[in-house]
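Chemist: Before I ask anything, here is the structure I am working with.
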Amino acid sequence: MLNTYHYPEFPYVQSPEQQSGEVLRHPVVVIGAGPIGLTACLDCAYRGIPTVVLDDNNTVSIGSRAVCYAKRPLEVWDRLGCADNMVKKGISWQVGKVFFKEDQVYEFDLLPEKDNKMPAMINLQQYYLEEYLIERSQAFADRIELRWKHKVLNMTQHEDYVTLLVQTPDGVFKMEADWVIACDGANSDTRKMLDAKFDGQFFQDRFLIADVVMKADFPTERWFWFDPPFNRNQSALLHKQSDDVWRIDFQLGWDADPEQEKKPENVIPRIKAMLGEDVAFELEWVSVYQFACRRIDNFRHGRVLFAGDSAHQVSPFGARGANTGVQDIDNLAWKLKLVIDGRVPVSFIDSYNEERAFAADDNLMNSTRSTDFITPKSKGSRFFRDAVLELSEHYRFARPFVNSGRLSCPTPYIHSSLNTPEEDDFNSQMSPGTNCADAPVVVNGCETWLLNSIGSEFTVLVFGEALGIATITADNVQANVMVVGSDLLDQSGVLTERYDGGTGAVYLIRPDQHVAARWRLFDVGKVENALKRATGQF
């Protein structure tokens with residue numbers, strides 16, 4: 001198989017504490033240097049938290065693996081200063097098409113509205129993504145230490161710290177951490193060490209992934225087939241990555257032999273049946289996978305916090321795995337910063353489990369529904385699915401029932417205890433618990449974007465006058481006041497429209513750029529109470 005990518009190897013370096021034999025305690029230790037672990041160390045460093053990352057390997061992920069990254073994670077990476085390279089290298093897309101047998105029956109647009117900095121979705125091989133995250137970590141060399149070929153063998157929890165036993169090429173040593181963030185994947189050793197439950201459902205079906213290098217004139221869209229002529233009674237998926245690499249998924253059925261299906265002599269005929277005998281291509285990477293939808297019992301186990309696939313696992317249709325993992329970190333890092341700085345009680349970290357377990361359940365529900373539609377479990381389910389697909393070609397009412405993988409979008413924390421219940425009516429989707437929509441703005445005469453302007457602290461966004469107040473403080477937590485009309489200008493009117501920002505409207509925005517509260521009129525007392533609630537102190 002062709003390998004068009006040169007996998008970098010990062011040097012193992014013996015740490016000073018292993019050399020000296022002195023056991024040192026670190027504020028945060030991240031286990032796993034995949035996309036979620038690297039995002040965790042970047043977000044912690046961005047907020048001023050020194051972080052050590054332990055990984056038992058010394059290179060990026062082998063094979064393209066996760067390839068689809070949605071708008072919200074891209075906004076998180078943009079805040080951390082590394083999205084530009086991802087978007088530039090990746091293939092941006094927003095249109096998907098669904099086919100039943102030979103006919104197109106449905107088309108969708110992930111981002112029909114304009115005026116967004118980040119695209120709806122990019123396709124980018126995971127190894128490129130990790131490389132960009134590692135490059136960005138070099139800008140925080142004083143706060144991030146990447147330790148390659150460091151395997152965690154065991155850990156012991158204490159009341160306010162964790163002891164880790166770590167194996168390296170130079171032997172075994174101990175280190176300590178105030179907090180551990182476990183990002184070591186679906187087969188997490190950390191989870192097993194703590195005997196944490198990881199319950200859910202395995203689906204009895206198998207799928208083949210083939211990354212194919214070829215020159216092709218297919219549009220940069222997501223194409224999904226039900227029962228195509230080249231894979232009868234099964235499904236298939238096609239979309240483009242960078243470097244002329246195309247991701248193709250074939251449903252195999254439960255009885256397929258994974259080892260036999262991965263062999264080039266079996267993969268190549270499948271691809272030729274799909275693309276045609278005359279299309280030239282080479283295989284870059286092949287894998288066979290099985291669906292699973294499950295999650296951990298609690299995202300917090302003492303001083304160990306789980307994120308990404310170590311906390312939840314979903315089927316790949318819908319691009320929910322890595323995207324939701326990045327949002328785990330987006331939710332966690334600012335809370336951890338407040339706890340570490342002593343500005344809120346340690347118990348505040350429990351809101352991480354409250355909000356992200358809710359999001360995980362939402363993703364599991366959507367992923368399970370997609371899987372049930374793609375792989376019907378009974379004749380009745382198959383009849384229903386095929387009827388929906390046939391009707392969708394001609395009747396609009398049937399199209400919402402088509403489910404080729406509901407694509408990743410953020411889950412609003414609608415029931416979060418950190419939200420302030422609404423008192424006023426708004427004609428806007430920016431209700432408490434929702435991530436902020438971006439919009440073009442002007443700051444100091446320069447065109448920029450709302451999400452780049454509000455940054456990573458609590459912000460009170462006011463449409464109108466704020467009576468000269470620059471900051472509001474409640475119980476050691478401060479929010480910066482930003483006024484639309486003076487601190488930033490909404491020359492296009494998009495910001496006002498998306499937030500229903502009539503004169504006097506006020507939004508309290510959390511450090512993860514989610515809405516915590518909103519009102520029609522500015523009231524310092526209400527903002528203070530909402531700020532307390534948003535930090536678990538009300």
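Chemist: Among residues belonging to the range 308-340 that are part of a loop (DSSP other than H, G, I, E, B) and of a type in the set (Gly, Ala, Ser), point out the one that is modelled with the lowest pLDDT.
Modeler: Result: Gly318.
Chemist: Right, next: Given (1) part of a helix (DSSP H, G or I); (2) in contact with a Lys or Arg (Cβ under 7 Å, 6 or more places away or on another chain), identify the lone condition not met by Gln290.
Modeler: (1)
Chemist: What pairs come out if I take residues in the range 112-132 that are at positive phi and pair them with residues that are part of a loop (DSSP other than H, G, I, E, B) and hydrophobic (A, V, I, L, M, F, W, C) whose C-beta lies under 8 Å away, six or more apart or interchain?
Modeler: If the second residue must be part of a loop (DSSP other than H, G, I, E, B) and hydrophobic (A, V, I, L, M, F, W, C), the pairs left are Asp115/Ala439.
Chemist: Name the residue, out of Gly37, Gly21, that is at positive phi and assigned by TED's automatic domain parsing to the domain that holds Asp142.
Modeler: On inspection, the qualifying residue turns out to be Gly21.
Chemist: Which one of these is out of contact with any helix residue (DSSP H, G or I) (no Cβ under 7 Å at 6 or more places or on another chain) and under 30 Å from Tyr7 (Cβ atoms): Val314, Val279, Val288?
Modeler: Val279
Every residue, every condition in (1) surrounded by 13 or more Cβ atoms within 10 Å (Cβ to Cβ); (2) in contact with a Phe, Trp or Tyr (Cβ under 7 Å, 6 or more places away or on another chain); (3) in the same structural domain as Leu332 (by TED's automatic domain parsing); (4) farther than 14 Å from Leu495 by Cβ, yes or no:
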{"residue": "Tyr413", "(1), (2), (3), (4)": "yes, yes, no, yes"}
{"residue": "Glu423", "(1), (2), (3), (4)": "no, yes, no, yes"}
{"residue": "Asn427", "(1), (2), (3), (4)": "no, no, no, yes"}
{"residue": "Pro432", "(1), (2), (3), (4)": "yes, no, no, yes"}
{"residue": "Gly445", "(1), (2), (3), (4)": "no, no, no, yes"}
{"residue": "Ser453", "(1), (2), (3), (4)": "yes, no, no, no"}
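Chemist: Determine, yes or no, whether Tyr69 is in contact with a helix residue (DSSP H, G or I) (Cβ under 8 Å, 6 or more places away or on another chain) and closer than 26 Å to Phe230 by Cα.
Modeler: When the stated conditions are applied, Tyr69 does not pass them.
Chemist: Name the strands (runs of 3 or more DSSP E) wholly inside the range 97-193 in which the number of residues that are not assigned by TED's automatic domain parsing to the domain that holds Ile349 is 2 or more.
Modeler: 103-109
Chemist: Continuing with this model, one more query. Take Leu364 and tell me if it is assigned to a helix (DSSP H, G or I) and closer than 30 Å to Gly302 by Cβ.
Modeler: yes
Chemist: Please find, within the range 320-369, the residue that is farthest from Leu124 (Cα to Cα) out of those that are of a type in the set (Asp, Glu) and under 18 Å from the mean Cα position of the chain (by Cα).
Modeler: Glu354
Chemist: Here is a check on your reading of the model: is Arg356 in a helix (DSSP H, G or I), of a type outside the set (S, T, N, Q) and at pLDDT below 80?
Modeler: no
Chemist: Please count how many residues of the range 237-279 are among the basic types (Lys, Arg), surrounded by fewer than 15 Cβ atoms within 10 Å (Cβ to Cβ) and part of a loop (DSSP other than H, G, I, E, B).
Modeler: Residues meeting the conditions: 1.
Chemist: All but one of (1) surrounded by 17 or more Cβ atoms within 10 Å (Cβ to Cβ); (2) touching a residue at least 40 places away in the same chain (Cβ under 8 Å) hold for Val483; state the number of the condition that does not hold.
Modeler: Failed condition: (2).
Chemist: A further question follows. Out of curiosity, is Ala470 in contact (Cβ under 8 Å) with a residue 12 or more places away in the chain and not assigned by TED's automatic domain parsing to the domain that holds Arg79? Give the derivation first.
Modeler: Numbers: in contact (Cβ under 8 Å) with a residue 12 or more places away in the chain: no; not assigned by TED's automatic domain parsing to the domain that holds Arg79: yes.
Taking the combined requirement at face value, the residue does not satisfy it.
Chemist: Here's a follow-up. Among the candidates Arg343, Arg369, which residue alone is among the basic types (Lys, Arg) and not in a helix (DSSP H, G or I)?
Modeler: Arg343
Chemist: Is it the case that Trp285 is among the aromatic types (Phe, Trp, Tyr), in a loop (DSSP other than H, G, I, E, B) and surrounded by fewer than 24 Cβ atoms within 10 Å (Cβ to Cβ)?
Modeler: Numbers: among the aromatic types (Phe, Trp, Tyr): yes; in a loop (DSSP other than H, G, I, E, B): no; surrounded by fewer than 24 Cβ atoms within 10 Å (Cβ to Cβ): yes.
Considered against the rule, which asks whether it is among the aromatic types (Phe, Trp, Tyr), in a loop (DSSP other than H, G, I, E, B) and surrounded by fewer than 24 Cβ atoms within 10 Å (Cβ to Cβ), Trp285 comes out as no.
Chemist: Ok, one more. So which of Phe207, Phe250 is of a type in the set (Phe, Trp, Tyr), at pLDDT 90 or above and touching a strand residue (DSSP E or B) at 6+ places or on another chain (Cβ under 6 Å)?
Modeler: The conditions single out Phe250.
Chemist: Right, another one. With the requirement that a residue be touching a residue at least 12 places away in the same chain (Cβ under 8 Å) and farther than 23 Å from Tyr128 by Cβ, what does the range 238-258 give you?
Modeler: Matches in the range 238-258: Phe250, Gln251, Leu252, Gly253, Trp254, Ala256, Pro258.
The values are calculated or read from the model by the stated rules, or taken from the named source; none is laboratory data. Computed from a predicted model, the values in this text were never measured in an experiment. Because the Cβ atoms are built from the backbone with ideal geometry, glycine has one as well, and the counts that use them run over all protein chains shown.
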